[in-house]
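Here's the structure, in structure tokens; my notes come after.
The values are calculated or read from the model by the stated rules, or taken from the named source; none is laboratory data. Note that the coordinates shown come from a computational prediction; the quantities given were computed from them, not determined experimentally. Heads up, the Cβs are rebuilt from the backbone with ideal geometry, glycines too, and the neighbour counts pull from every protein chain shown.
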Amino acid sequence: MSELTPRQQKFIQCYRGSASRAALEAGYAHRQEGDRLMSNPVIVEAIRQRQELELQPLIMSRHEREVWLSNLILDESQSTKERLKALELLGRMNGDFIQRHEVRAVSVRDMPTAELLAMLGEGR
């Protein structure tokens with residue numbers, strides 16, 4: 001990866017969706033510099049990484065969601081309706097409502113006719 005200049009680093013820090021505005025805030029003389037900077041894949045990747053790091057603390061992990069919902073369920077100051085909704089969401093997250101069916105395949109290719117007729121008669 002090529003070395004970024006201090007002004008390019010400032011552009012990366014200032015970028016919030018508008019390349020023109022970030023270019024001016026970073027000290028470039030013309031707004032058009034933003035478009036030129038956004039054509040540099042190193043800068044685009046650095047912006048993506050910065051945005052990812054900034055969003056990371058805002059996204060709850062599965063465990064954090066489970067703890068939050070569990071606290072809501074156990075909080076008696078919440079309405080029963082809210083507690084039941086949280087309980088349902090927690091159950092859905094953990095797959096408690098998934099129905100599983102066992103399916104067994106039987107090969108009839110080499111089965112004798114008498115056995116096939118017996119199976120049909122039993123309704124299997």
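Go through (1) modelled with pLDDT of 95 or more; (2) surrounded by fewer than 18 Cβ atoms within 10 Å (Cβ to Cβ) one by one and return the number of the condition Phe11 breaks.
(2)
Would you please list the contacts, defined by Cβ atoms under 8 Å and residues six or more apart or on different chains, that run from a residue in the stretch 86-105 that is within 21 Å of Asn71 (Cα to Cα) to a residue that is at pLDDT below 85?
Gly91/Phe97
Output the residues belonging to the stretch 50-72 that are surrounded by 12 or more Cβ atoms within 10 Å (Cβ to Cβ) and more than 12 Å from Tyr15 (Cα to Cα).
Arg65, Glu66, Val67, Trp68, Leu69, Ser70, Leu72
How many residues does the stretch 28-49 contain that are surrounded by 14 or more Cβ atoms within 10 Å (Cβ to Cβ) and of a type in the set (Lys, Arg)?
1
Are any of the residues in the stretch 100-116 in contact with a helix residue (DSSP H, G or I) (Cβ under 9 Å, 6 or more places away or on another chain), of a type outside the set (Val, Ile, Thr), closer than 30 Å to Arg62 by Cβ and surrounded by 10 or more Cβ atoms within 10 Å (Cβ to Cβ)?
no
Out of Leu69, Leu24, which single residue is touching a helix residue (DSSP H, G or I) at 6+ places or on another chain (Cβ under 9 Å), assigned by TED's automatic domain parsing to the domain that holds Ala86, free of Cβ contacts under 8 Å to residues at least 60 places away in the same chain and in a helix (DSSP H, G or I)?
Leu69
Considering only the stretch 37-66, how many residues are among the hydrophobic types (A, V, I, L, M, F, W, C) and part of a loop (DSSP other than H, G, I, E, B)?
2
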